[in-house]
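What follows is calculated from the coordinates using simple rules that are stated; it is not laboratory data. All of these numbers come straight from a predicted model, not from anything done at the bench. Positions of Cβ are backbone-derived with ideal geometry, glycine not excepted, and every protein chain shown enters the neighbour counts.
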Amino acid sequence: MKKTSLLLTAVLTASGLSGCTFGASIDTLMAPPKLSVEQEQIYSALTTAHGTAISLKYPKTGKYLSAFIVEDIDGDGGNEALVFYERKDHAADENPLRINILDKKNGEWSSVWDDAAEGSEIEKVIISKLGSNDRINLIIGTSMINRSEKNVSIYNYADGKLTKPPTFSASYSFIDVQDLDMDNEYEFLRLAKSVNDAPAFAEVYELDDKGKYLKTILELSGKFSEFENISYGKVGDSEMGIYIDALSGAGSIQTDVLYMKDGILKKIFENSEQSESTVRPAGCTCFDVDGDGSLEIPKQVIAPSYEASAVGEQLKLTEWKRINSNYELEQQCTSYYSLNDGYIFVFPERWKDRVTVKRDVVNDEIVFCAYDEEGIGRELLRIFCAEDQPSREDRISGGYMLMHSKGDSSCLAYIPANSGTDDDGLGLTPAEAAIGFRFRD
């Protein structure tokens, strides 16, 4: 449980589906995957109990992506089967999405519980204990057909019945279960985006040994309309940080960083101005660029020699900032970050303020060059991203080194023969070039 399309839009448009009504979804328009022997047995028991006029539903995100979830959800030592399906013969005013639980007795599966679910799509399923309580919680996130309205409910299955405590059912933008305060017990995290004048906020829940929810809530730094990426990493010397990259305007994101201590949710940035200092283009999300377990926050800056250029002609470098032991932002390293190609090249320390980049339009390459008060100097490194095998092989035959490949795409680097001949100490070795590369698949 421990440690976030165009095709869908096209299919729904072609099918004439719109709005928040119950009905067909992408699940019914795709050929179902082949079932395992156990899944076939479960499906047979399901149709025996509820007929064949059904279609299976699949969670969209998270650990469980199958319509069949086989886990011990009541803590009795044996597995139950949790199945999501949609009835085709439902009444016009009835929600067709159903939750079914099957149990296995004497080697045979049988349906023991069936009830309507909320919404029309299953977004995410989490099965976990929370806090110090031994109860196993079934956390189900659902949405309407357009997936913009999401709701989460926490259920408990015991004595053959699925119950939803009246204390928890709420809208959400992001949900997860993590050991946020690193006490070897899990907490439930819920993020909600800003709606109208209400601020975005984060809530954390855990259960005490009597089954009571303990809650801590914290308003976020901006009126975030959407969350682009949620990730976890160390902050300070020991705390687990929640790094929230959220939309802060057209084409821009900013970061808020939270952590939990002594049962209280806390915020690294004490005011919105500190969070606003992290604003950068959308897609440029937090990343552990140096592999030390702490995430860095990227910030784009104009590359040397482009300060006077028109905005559309400027090239940018990316500075990566970490949260130090005093909970302050400090620069960790500088890089060139290609959002389109997904690679990051981290500058050696000796390159700081002495190297810039230029674009070779003819060869479709990024070129790293020495830089001083006289301007751009000699070439130190070239990076080329190939989209097909012939382009890759052509570059390799010309002395380029393969740095990364995925499918037909690959990233290659070339070090000029005279890169290390000058006395400025800026030349790279092949090993240094390889060490500098990071990739975000």
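The table for this structure:
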{"item": "Per-pair calculated FRET efficiency, R0 = 22 Å: residue 79 and residue 40 via Cβ, rounded to 0.05", "result": "0.85"}
{"item": "Gyration tensor (Cα) of the stretch 178-282, equivalent ellipsoid semi-axes in angstrom", "result": "25, 15, 11"}
{"item": "Cleavage-rule hits (GluC sites (Glu not before Pro)) in the stretch 103-204: DSSP loop, at most 16 neighbouring Cβ within 10 angstrom", "result": "149, 185"}
{"item": "Distant-in-sequence amide H partners of residue 117 (H built 1.01 Å from N, under 5 Å)", "result": "97, 98, 99"}
{"item": "Protection-proxy order for peptides 324-331, 43-50, each taking the mean of Cβ atoms within 10 Å per residue, highest first", "result": "43-50, 324-331"}
{"item": "Loop trypsin sites (Lys or Arg not before Pro), the stretch 187-219, which have at most 14 other Cβ atoms in a 10 Å radius of their Cβ (DSSP)", "result": "210, 212"}
{"item": "For the chain: rounded, prolate or oblate by the Cα gyration tensor [a/c cutoff 1.5]", "result": "prolate"}
{"item": "Flagged links, alpha-carbon separation over 19 Å, of 129/215; 60/234; 234/266; 234/267", "result": "60/234"}
{"item": "Under Karplus coefficients 6.51, -1.76 and 1.60, residue-wise ³J(HN,Hα) of the stretch 229-240 in Hz, glycine/proline x", "result": "7, 10, 9, 10, x, 5, 10, x, 8, 8, 6, 8"}
{"item": "Extended-chain gain in nm, criterion 0.36 nm per residue less alpha-carbon gap, residue 115 and residue 434", "result": "109.3 nm"}
{"item": "By average C-beta atoms within 10 angstrom, highest first, the peptides 379-391, 252-264", "result": "252-264, 379-391"}
{"item": "Estimated dipole of the chain in Debye, rounded to 20 [Cβ of Lys and Arg +1, of Asp and Glu -1, Cα centre]", "result": "820"}
{"item": "HN-Hα J in Hz across the stretch 296-307 - Karplus 6.51, -1.76, 1.60, θ = phi - 60°, x for Gly and Pro", "result": "9, 9, x, 9, 7, 10, 5, 5, x, 5, 10, 4"}
{"item": "Set of aspartates and glutamates near residue 193 by C-alpha distance (under 18 Å), chain-local residues within fewer than 8 positions excluded", "result": "123, 149, 176, 203, 219, 226, 228, 245, 256, 276"}
{"item": "Whole-Hz ³J(HN,Hα) from phi, Karplus 6.51 cos²θ - 1.76 cosθ + 1.60, for the stretch 186-199, glycine and proline x", "result": "8, 10, 9, 10, 10, 10, 10, 6, 5, 10, 6, 9, 6, x"}
{"item": "5 angstrom amide H check on residue 282, placed H, neighbours 5+ away", "result": "252, 253"}
{"item": "Interchain or long-range residues, amide H under 5 Å from residue 347's placed H", "result": "334, 335, 336"}
